[in-house]
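Down below is the structure, laid out as structure tokens.
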Amino acid sequence: MRHETRPPTAPPKRARRGLLVGGLVLVVAGVAVVAWVLAVAAGLVDGDAPAMDDTPRTLNLEGAPSTTTGGARPGAVAYRLEPAGGTAATVRLEVAADPSARARGLMGRTEVAKGTGMVFLYPADVTEAFWMKNTLVPLSIAFVAADGRVVSVAEMTPCKADPCPSYAPAGPYRYAVELAAGSFGAAGVGPGARVVPADPAALPEPA
């Protein structure tokens, strides 16, 4: 009996198409891996960096990132301006709680944005006067007793050369608050009103 030798059966078209697609996928994946490795080696990509940045942002009252010249800086605390018989308002204040920070204050700032400023904390009642040498913008200051009651308010103007005028309180005070010029008057805050921290526990111990 004679055996017939037949040519091998050709694979179906579908099988050939699958092999072709699989090969293309492997080639593309290999190119992507090589490109990523080269980018890491070149320092263009951080191999350990997460896909998304979840770092929280510090925002000022207007919802825009804080600036170095205008808005309150990171670490600012909230204080409430409580006029007698009026509507309370909240401001964000940088904290000066030691002698060097109190001496520096807001010197050199080109702007103090509305609703921001600085609080000067003292460990005991004082009667120190303030002055405006090397301070570039006009400011309003409230001298405040330990119970939050405003002792007196003054409007202070920049001073470029000695002798610079000093602004003294009407009596002993425990802390002082500086805002942009006219802010206390606009809020209806004067002697007898209150300026108090929203969260006293957030304040550092003054030195």
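Points worth noting:
- Count - residues of the stretch 173-185 that are outside any strand (DSSP E or B) and either without any contact (Cβ under 8 Å) to a residue 60 or more places away in the chain or loosely packed, with under 15 Cβ neighbours inside 10 Å (or both): 3
- Check on R149, among the basic types (K, R), open to solvent by 60 Å² or more (accessible area, probe 1.4 Å), without any contact (Cβ under 8 Å) to a residue 60 or more places away in the chain and farther than 23 Å from S100 by Cβ: yes
- For the residues G188, G192, the requirement of being in contact with a Gly (Cβ under 9 Å, 6 or more places away or on another chain), at positive phi, touching a residue at least 60 places away in the same chain (Cβ under 8 Å) and assigned to a loop (DSSP other than H, G, I, E, B) singles out G188.
- Residues satisfying the criterion are absent from the stretch 163-172 (criterion: of a type in the set (S, T, N, Q), in a loop (DSSP other than H, G, I, E, B) and surrounded by fewer than 16 Cβ atoms within 10 Å (Cβ to Cβ)).
The values are calculated or read from the model by the stated rules, or taken from the named source; none is laboratory data. Model, not experiment: these values are computed from the prediction. Backbone-built Cβ (ideal geometry, glycine too); neighbour counts: all protein chains shown. To get the accessible areas, we keep the full protein, side chains included, count just its heavy atoms, and leave off ligands, DNA and RNA. Shrake-Rupley method; radii C 1.70, N 1.55, O 1.52, S 1.80 Å.
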